[in-house]
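So the structure is just underneath, and the comments pick up after that.
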Amino acid sequence: MWLRISCDLTFDIEVTTPFILMLRPRSGLQQWVASDEFKITPNISVIEFTDNYGNLCQRLVAPPGHFSICTKADIKTSELVDVGFGAAFIEIQNLPDSVLSYLLPSRYCESDRFSEMAMSITAHQSPGYDQVATIETWLRNTISYIPGSSNYPISAIEVNFKQSGVCRDLAHLGIALCRSLSIPARMVVGYLYNLEPMDMHAWFEAYVGGRWYTFDATQAGPKGGYVAIGYGHDAADVAMYNQFGPSVYPMSQVVQVELIEENL
């Protein structure tokens, strides 16, 4: 399916403020970027770089006053996500080097605190994909998904205590539970077609059977239409923007995802 994604951010900057942005998608196994636009007003110098996770990032210094970022891209992505029941757990010694860091606790995913809980949730499941699918179902049935209920990241321990959260929070708890079973897991942020209410979205991926699989406890079941913007250990690695100096919040944020013609 072909999707047109866009995100428009508007700020009122009081003092000269450095930004690091993560708003441009890249092509990969699951998506193809046919075209993209990136506009900043006023027209200032932008330096693009690739971070340690392969995400496309932009550095700039915003001057005082009205400041806006407008991004748009046409992307081909799958109508369905792959499902891999029975995909095997990969023993640590056989994991690729690039995957190993996703086994470790991180700022918002305290996986060293969830071993007993994860074993209880996944009891009697085959090691690997089936365990992760059971974690996803447990999250969907246990943790209330409340869009807009949190403006800042909270950790897996806090999510489990609150028993509710936004998409990012459910992903943090899912990642922590997976890692506590020695299953590599990572955070993904981006867009989802037909998400209600429409906004930027977060989900997680787990590495089983020799590849990454998508899991999203905020949705009723497997569906397609995902567009990834950033990958990382948790929300600390995949912020849409980081600003340095006095706190700056968008005056407006408009996110859109629409289905477009197949014959681009």
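Is it true that some residue in the range 177-187 is buried (at least 23 other Cβ atoms within 10 Å of the Cβ), of a type in the set (A, V, I, L, M), under 21 Å from TYR108 (Cα atoms) and out of contact with any strand residue (DSSP E or B) (no Cβ under 6 Å at 6 or more places or on another chain)?
Among the residues of the range 177-187, at least one is buried (at least 23 other Cβ atoms within 10 Å of the Cβ), of a type in the set (A, V, I, L, M), under 21 Å from TYR108 (Cα atoms) and out of contact with any strand residue (DSSP E or B) (no Cβ under 6 Å at 6 or more places or on another chain), which makes the answer yes.
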Checklist entry - ILE92 versus (1) surrounded by fewer than 15 Cβ atoms within 10 Å (Cβ to Cβ); (2) within 21 Å of the chain's Cα centre (by Cα); (3) modelled with pLDDT of 95 or more; (4) not aromatic (Phe, Trp, Tyr): which is the lone unmet condition? => result (2)
Next on the checklist: So in the range 103-129, with the set limited to residues that are buried (at least 17 other Cβ atoms within 10 Å of the Cβ) and of a type in the set (Ser, Thr, Tyr), which one is farthest from the chain's Cα centre (by Cα)?
Outcome noted: THR122
Item to check | ILE154, sole failed condition from (1) within 16 Å of the chain's Cα centre (by Cα); (2) within 16 Å of GLN219 (Cα to Cα); (3) surrounded by 18 or more Cβ atoms within 10 Å (Cβ to Cβ) | outcome: (2)
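Would you mind stating whether ILE20 is within 24 Å of GLY245 (Cα to Cα), out of contact with any helix residue (DSSP H, G or I) (no Cβ under 9 Å at 6 or more places or on another chain) and among the aliphatic types (A, V, I, L, M)?
Yes, satisfied.
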Item to check | Of the criteria (1) part of a strand (DSSP E or B); (2) in contact with an Asp or Glu (Cβ under 9 Å, 6 or more places away or on another chain); (3) charged (D, E, K, R), which one GLU158 fails | outcome: (1)
Next on the checklist: With the structure loaded, tell me whether LEU56 is assigned by TED's automatic domain parsing to the domain that holds TYR249, modelled with pLDDT of 95 or more and within 30 Å of VAL99 (Cβ to Cβ) or whether it fails that test.
Outcome noted: yes
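The values are calculated or read from the model by the stated rules, or taken from the named source; none is laboratory data. Because the structure is predicted, anything quoted here is derived from the model rather than measured. Note that we place each Cβ from the backbone using ideal geometry, even for glycine, and neighbour counts take in every protein chain shown.
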